[in-house]
Amino acid sequence: MIEVRRATTAQDQQEAFGIREKVFVQEQQVPREAEYDAHEPTASHYLATFNGVPCGAARWRKTEAGVKLERFAVLPEFRNKSIGGEVLRLVLQDVQTEQPGQKIYLHAQLPAVNFYKRHGFVTEGDMFTECDIQHYKMYYKG
């Protein structure tokens, strides 16, 4: 069973950061200083579990351009189990409730573009590189 919740406790945030560490820093070789930034204390963080095991994470934050969804990560052994979709669903629900009318956008890694398209996002502009990974800016059309 998939459960997604806001990571409001120190333990939940540590679990979410641990997932991001494994996916981004270890698996994708993103520099640690690029993964963890000054926005951590003010961003809204999420933790997903599968049968009670922590396996997914995400965050969102308010920016001058709207609301940016970031740091979506699912551990390799839990991929293709609809966990990412459940995390995205809850994050979008919270953002639309707490920040009504705001533009919602993200920077999608190239392999994740179709996932986000299936969930109502469209690409905007040209492909770009962030931390040696190809991305597209995408915004939520609903």
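Numerical summary
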| item | result |
| --- | --- |
| In segment 10-35, residue most open to solvent (accessible area, probe 1.4 Å) [restricted to those that are at pLDDT 95 or above and among the basic types (Lys, Arg)] | Lys22 |
| Residue, nearest to the chain's Cα centre (by Cα), within segment 53-78, restricted to residues that are farther than 23 Å from Pro31 by Cβ and surrounded by fewer than 18 Cβ atoms within 10 Å (Cβ to Cβ) | Lys62 |
| Where a residue in segment 4-24 is at negative phi and its partner, wherever it lies, is open to solvent by 20 Å² or more (accessible area, probe 1.4 Å), with Cβ under 6 Å and at least six apart | Val4/Glu86; Val4/Leu90; Ala7/Gln13; Glu15/Pro54; Arg20/Arg71 |
| Hey, Gly125 of a type in the set (Gly, Ala, Ser) and either surrounded by fewer than 15 Cβ atoms within 10 Å (Cβ to Cβ) or under 18 Å from Lys22 (Cα atoms) (or both) or not | yes |
| Qualifying residue in segment 81-98 (condition: open to solvent by less than 70 Å² (accessible area, probe 1.4 Å) and over 14 Å from the mean Cα position of the chain (by Cα)) | no |
| Residue match in segment 100-116 (condition: surrounded by 12 or more Cβ atoms within 10 Å (Cβ to Cβ), more than 15 Å from the chain's Cα centre (by Cα), in a loop (DSSP other than H, G, I, E, B) and not small (Gly, Ala, Ser)) | yes |
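The values are calculated or read from the model by the stated rules, or taken from the named source; none is laboratory data. Just so it is clear, the model here is predicted, and its values are computed rather than measured. Neighbour counts are summed over all protein chains in view; Cβ atoms, including those assigned to glycine, are modelled from backbone coordinates with ideal geometry. Protein only, heavy atoms only, side chains kept; ligands, DNA and RNA dropped before computing areas. Shrake-Rupley method; radii C 1.70, N 1.55, O 1.52, S 1.80 Å.
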